[in-house]
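**Student:** Mind looking over this structure? Questions follow.
Derivation of every value follows stated rules applied to the coordinates shown; laboratory data play no part. In this text the structure is predicted, and so the values were computed from the model without any measurement. No Cβ is skipped: glycine too gets one built from the backbone with ideal geometry, and neighbour counts run over all protein chains shown.
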Amino acid sequence: MRLFSRSTGAGPPLVILHGLFGSSNNWNGLAKQLGADFTVYAVDLRNHGRSPHDAVHTYEAMAGDVAEFLQQESLPSVFLLGHSMGGKVAMELALSDSSKVRRVIVVDISPDESPLENEAILRALLSLRLEEFSSRTDIDHALQQSIPDDRVRAFLLTNIRRGEDGNYVWRMNLPALDSSREAVAAPLAGGRRFEGPALFLRAEHSAYVRDDDIPLIKRMFPRAEVRTIPGSGHWVHADAPAPFVSAVRSFLLSSTRE
C-alpha cells in the first residue's frame, strides 16, 4: 500500500505517525519546527487522510505499510514518532523489524490494552448522512449533542472533504475503523524486545499510560525512558507543544552526538 505523506526540513529522517481519526495534516506546525533539525515525513496511515482504504486495520498491517513506505522513500532506518494508535504502530515496527528504527518516540500509549473510548464518537459519525449537509457549520451543530467538546469536533471535522459530486464525504474509512475497534485497543504481542533507545512521553492528565504499564514498557523496550509532560491531556503535542518539541529534539539530537 502506498501511503500519502508530507515532507519538510533537512537532516536525519524522522517519520511521524498520527493517532486514530488523525492525519498528517494535524502535524504541519510541529513538523515545520522539527524540520530545522530533521527531514520530517508526516504519514497518513491506512484508512485515514489521503491514504488508501482497506477492510483490514491491524497493527501488523499498519506497521507493514510503514515498512513499505520506508522502502519506497529509500529510507533504510529512521527516527520514528507515533501518537496513540500511531504510537502502537511505531512500537510494532520497532519490535518486528528493529533494523528500520534508530530511535522510537511513543506518545501517550503503552504496549498494553488501550481504553475503548471511541465507540460513542464512531456511532455519532456513522449516523450522519453527510450528503444532506450544505456547510461544515451545519455538520458541527449536528454533532454538538453527542460530541460536546468543541475541540474534539473541530479535530474530527478536519476529516471532511467534498466528493466528486460536490457532497461532503469522510476521508476516513469509518466502517473499517468501526469493525476494528477491538484490534486498535488490543495489546501488542509480547515476548519481543526493541534494544534501541526509546522515549515514552505520557500526558499528566490521561489514563493511556498508567504507572502499572511501566514494567511492561521496560520489558519490551529495556532502554526506554518514560517522561510525563505537565499540564497535558492525551493530545500531548497540542496541549504542550513547546515542552513536547523540546523533549523530542533533545532525545533525537543526542543520537547525533554519540
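**Student:** Order these by the 10 Å Cβ neighbour count, fewest first: Lys88, Lys32, Lys218, Lys100. Intermediate results must be reported in sequence, preceding the final value.
**Tutor:** On the way: Lys88 28, Lys32 12, Lys218 15, Lys100 19.
By the 10 Å Cβ count, ascending: Lys32, Lys218, Lys100, Lys88.
**Student:** Find how much the distance from Ala185 to Val245 grows on full extension, using 0.36 nm per residue of separation minus their present alpha carbon separation; answer in nm with one decimal. Before the final figure, lay out each step's value.
**Tutor:** Numbers: separation 60, 0.36 × 60 = 21.60 nm, distance 2.68 nm.
18.9 nm is the gain from fully extending Ala185 to Val245.
**Student:** Counting other beta carbons within 10 Å of each Cβ, put Asp112, Asp138, Asp44 in order, fewest first. Please list the in-between numbers first.
**Tutor:** On the way: Asp112 18, Asp138 12, Asp44 22.
Ranking Asp112, Asp138, Asp44 by Cβ neighbours within 10 Å, fewest first, gives Asp138, Asp112, Asp44.
**Student:** So who's got an amide H within less than 5 Å of the one on Phe38, skipping anything under 5 residues away but keeping other chains? H placed 1.01 Å off N, in plane.
**Tutor:** For Phe38, the qualifying residues are Ala10.
**Student:** Taking amide H atoms as placed 1.01 Å from N in the peptide plane, list the residues 5 or more away in sequence, or in a different chain, whose amide H sits under 5 Å from that of Ile160.
**Tutor:** Arg171
**Student:** Can you list residues whose amide H is under 5 Å from Leu199's amide H, if they're 5+ apart or on another chain and H is modeled 1.01 Å from N?
**Tutor:** Sorted by chain and number, the residues that satisfy this are Val104, Ile105, Val106, Glu225.
**Student:** To make sure I understand the rule: partners must be lysines, Cα under 22 Å from the Cα of Lys218, and not fewer than 8 residues away in the same chain. Which ones qualify?
**Tutor:** Lys88, Lys100
**Student:** Please turn the phi angles of region 165-170 into ³J(HN,Hα) values with the Karplus equation 6.51 cos²θ - 1.76 cosθ + 1.60 (θ = phi - 60°), one per residue in order, whole Hz, x for glycine and proline.
**Tutor:** Taking θ as phi minus 60°, the curve returns 8, x, 7, 6, 9, 7 Hz for region 165-170.
**Student:** Continuing with this model, one more query. Apply the membrane-span-like helix rule to the chain: whole DSSP H runs, Cα extent along the own long axis of at least 30 Å, mean Kyte-Doolittle hydropathy at least 1.0. List the helices found. Walk me through the numbers before you get to the answer.
**Tutor:** Details: long enough: none.
Within the chain not a single helix satisfies the rule.
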